[in-house]
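Okay, so here's the structure we're looking at.
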């Protein structure tokens with residue numbers, strides 16, 4: 001089953017479905033034949049997920065990471081995207097290489113602990129739960145997905 005995962009680029013209004021959010025932000029209509037459970041959001045951007053796992057950031061960037069810039073102790077999905085990007089820029093300014101979208105972003109994404117992301121980002125939790133349900137339906141019972 002095809003699934004869509006995109007940055008929300010803004011906070012998601014309470015009670016809005018993913019498709020309502022996407023439509024309200026100029027991303028068109030829900031495609032014919034798709035269900036509500038086929039679209040998911042990284043709120044507010046993929047980099048928000050990085051803030052959920054400081055241990056992965058330490059492993060990836062090393063001892064030059066300035067952790068004081070990494071936001072903790074609140075719903076990370078409430079942090080505006082500009083603040084998330086600014087935190088990563090400041091936290092990795094002394095690292096070689098510093099954080100940048102593109103190759104580093106996807107490499108770092110693969111290193112995250114899904115449980116940390118799920119705990120700090122409710123929309124990520126919904127996506128991961130859907131992956132678990134889908135994998136149980138199509139994968140052998142002896143294969144597990146985090």
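The numbers here are math on the coordinates, done by the rules we state, and not lab data. These numbers come from a predicted model, not from an experiment. Cβ coordinates were reconstructed from backbone atoms using ideal geometry, including for glycine residues, and neighbour counts include every protein chain displayed.
Counting neighbouring beta carbons within 10 Å and listing from fewest to most, the residues 41, 128 come out as 128, 41.
Average projected area of the Cα convex hull of the range 1-78, in nm²? Kindly include the intermediate steps, with their values, before the conclusion.
Numbers: hull surface 26.9 nm².
Spelled out: convex hull of the Cα atoms, projected over all directions, averaged, 6.7 nm².
By count of other Cβ within 10 Å, fewest leading, how are 135, 8 ordered? Before the final figure, lay out the partial values.
Details: 135 14, 8 22.
Placing the least packed residue first, the sequence is 135, 8.
Angle between the Cα long axis of helix 122-138 and the longest principal axis of the chain, 0 to 90 degrees, nearest 10? Between the helix axis and the principal axis of the chain, the angle is about 60 degrees.
Taking mean projected area of the Cα convex hull in nm² straight from the coordinates, which label in (i) 10.5; (ii) 23.6; (iii) 9.8 is the correct one? Computing mean projected area of the Cα convex hull in nm² and matching it to (i) 10.5; (ii) 23.6; (iii) 9.8 gives (iii).
Let me have the 222 nm mean residue ellipticity of the chain computed from DSSP H runs of 4+ only, each contributing -39500 (n - 2.57), with the sum over all residues rounded to the nearest 500. Write out the running numbers ahead of the final one.
Numbers: 7 runs with 63 residues, N = 146.
Using -39500 (n - 2.57) per qualifying helix, the result is -12000 deg cm²/dmol.
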